[in-house]
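Computed from the coordinates by the stated procedures, all read-outs in this text should not be read as laboratory data. What you see is a predicted model, and the numbers here were worked out from it, not measured in a lab. Positions of Cβ are generated from backbone atoms using ideal geometry, with glycine treated the same way; all protein chains shown enter the neighbour counts.
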Amino acid sequence: MNDAAMHVLRVTDLSGVLANALLGGVLARARGFDLVGFAVLAVVSGLGGGIIRDILLQKGTPVALVDHTYVLTALVGAAVAFLVPIRGRAWERSFPVLDALALGCWAAAGAQKALSLGLEWPAAIALGAITAAGGGVVRDVLLRQVPAVFGGNTLYVTPALLAAGTMVLFHAAGQVTAGLLVATGVGAGLTLLSHHQGWRLP
Amino acid sequence: MNDAAMHVLRVTDLSGVLANALLGGVLARARGFDLVGFAVLAVVSGLGGGIIRDILLQKGTPVALVDHTYVLTALVGAAVAFLVPIRGRAWERSFPVLDALALGCWAAAGAQKALSLGLEWPAAIALGAITAAGGGVVRDVLLRQVPAVFGGNTLYVTPALLAAGTMVLFHAAGQVTAGLLVATGVGAGLTLLSHHQGWRLP
Amino acid sequence: MNDAAMHVLRVTDLSGVLANALLGGVLARARGFDLVGFAVLAVVSGLGGGIIRDILLQKGTPVALVDHTYVLTALVGAAVAFLVPIRGRAWERSFPVLDALALGCWAAAGAQKALSLGLEWPAAIALGAITAAGGGVVRDVLLRQVPAVFGGNTLYVTPALLAAGTMVLFHAAGQVTAGLLVATGVGAGLTLLSHHQGWRLP
């Protein structure tokens, strides 16, 4: 993988962790949680999907426990959200974009990891979607809410499935780096488009 | 294992996946979920117990991610439940039978897998019960309900424990195929009998 | 590790399992659960943290499924709580002490296990806290409650983090046995002190 592409993906990945950690902090503040609550929600929101993916793959300790940049990024998000109320137009405009980029990036990376470990394409697509949406599901369960992805929202899991599917096609063609970039774009673009257009699944 | 017995067990296993996927769809419809909600509840209901078993065993990627027949069967169940409202006497009569057979089959298969991987009988019995009942517990948690197996129902985990115990005895006698069939029967029979008689645990 | 220290830690560990299993039983009784509900809550409360730790470590089947003393202790706790209503001053006075000792012991043991398997100190501290607090979080989710550790209580995760951090320091100095004892004391002492003083996180 060439260095520039890898750098772009790394920044996208960590931006997604930070944005979701901030979201976890916003939810923690709304419920009056303490510092531990902020930290747990930030870690679950930002890293939960990848941890579930790695637990399902059963191929070694989850990346989030080995590469400390991830937990550190999530904790920075929790700390910022704890110190500063996150709200206003800047947040409302930037969060959907960062979250959509994270969705595409995580779906692509999850599918790619599954393929590189020898799993077949149906499992790769499933694991891509789980990487993208799993953290939000666990966060909702911890907050005693029915997971938002089950219905009532604009497209979220669907773009993740399509991003993972895009990754599968590029991987089959031997174009991993291009696949990660294009799949991230497909996932992010469709998420934002459906958010803007109000598209929902039946 | 002889082919006929293996075929019977395979059909029982997949029938259980299908029946539980349909049940997941029924619950998704009652809550107005979208297609993703139908699919997730079908997969969790039909495959959740086996996935938890394989995560606890830590001996490789869960079967449900490797043998795609499982996910495909669950998704077919979700699609059918999405297209056709599942209800009426045929469903009410056949679901308890299919679910009881799945309970026995999953408890037997879960215990056998644990034994074949070298775990001792107490762990095998526990994993048999987890395979049979785990999917329902996760489904209930996702739906924000206290798991049904905790109380207020006719026997469910108890028949699974007895089916797993039966499997342990047959395994010790070197009769794996017979054990899978008899244990499935023990689990299914006791579940249906207690359902019919209204037996409950204290 | 010398035998006397190992014996002390083993007794502390199993006392914690028993105390948390009794607590699970108390909660099961309050909700009118049946025997299965008592058993599941006892196992989850007493063993859940260690099982989550071992699933995250991905280094073999969880100890709770291999060393049957753990499940047996949890089931004894469930049986006692089922047969005898656990309440009164003796329980109210002894539970916080046993729970605090378990918190310290589990945090120390969780951190030590992570370090001995080659993980670095940030992961060891995180896994120590997860070992100490994870069972309670899952129990709360099963009971459809927002996890108590998220806020509104005296210090709980904080002492676990400090106990795990203490273990990391002693491990770096090559003093594992002393570290387990001191870290247990640090965790238990701070938990009880904050319980007594009403200390809370912001």
**Prompt:** Taking other Cβ within 10 Å of each residue's Cβ, how do C:196, B:171, B:68 sort, fewest first?
**Reply:** C:196, B:68, B:171
**Message:** Calculate log10 I(q)/I(0) of the range C:1-110 for q = 0.12 Å⁻¹, where I(q) comes from the Debye formula with a single equal point scatterer on each Cα and nothing for solvent.
**Reply:** -0.41
**Request:** Report the relative contact order of chain A, percent, no decimals, based on alpha-carbon pairs under 8 angstrom and at least 6 residues apart.
**Result:** 24 percent
**Item:** Dipole of chain B, positive end: most advanced residue of B:179, B:167, B:106 [Cβ charges, Cα centre]
**Value:** B:106
**Spatially proximal lysines relative to residue B:59 (Cα-Cα < 16 Å; intrachain offsets below 8 disregarded)** = A:59, B:113, C:59
**Prompt:** Expressed as an acute angle from 0 to 90° and rounded to the nearest 10, what is the orientation of the C-alpha long axis of helix C:68-83 relative to the principal long axis of chain C?
**Reply:** 30 degrees
**Asked** Rg (Å, one decimal) plus Dmax (Å, integer) for the alpha carbons of the range C:3-197?
**Response** 15.8, 50
**Complete:** The helix A:3-30 Cα axis meets the longest alpha-carbon principal axis of chain A at an angle in degrees, between 0 and 90 and rounded to 10, of 30 degrees
**Request:** State the volume of the convex hull built on the alpha-carbon positions of the range B:141-202, expressed per residue in Å³ and rounded to an integer.
**Result:** 100 Å³
**Message:** With Kirkwood's inverse mean 1/r over C-alpha pairs for Rh, give me the Rg to Rh ratio of the range C:55-108, two decimals please.
**Reply:** 1.07
**Asked** In Å and whole numbers, how far do the C-alpha atoms of the protein assembly as shown stretch along each principal axis, longest first?
**Response** 62, 60, 38
**Label spacing, shortest first and in nm, from residue B:177 to its equivalents in the remaining copies (7 angstrom along Cα→Cβ)** = 5.5, 5.5
**Prompt:** With charges only on Cβ, +1 for K and R and -1 for D and E, what is the dipole size of the range C:3-197 about its Cα centre, in debye, rounded to 20?
**Reply:** 380 debye
**Request:** Could I have the simple spin-label model distance between residue C:144 and residue B:80, label points 7 Å from Cα toward Cβ, reported in nm to one decimal?
**Result:** 3.0 nm
**Item:** Fraction in percent of alpha-carbon pairs per bin - 5 Å, the range C:94-195
**Value:** 3, 16, 25, 23, 17, 10, 5, 1, 0
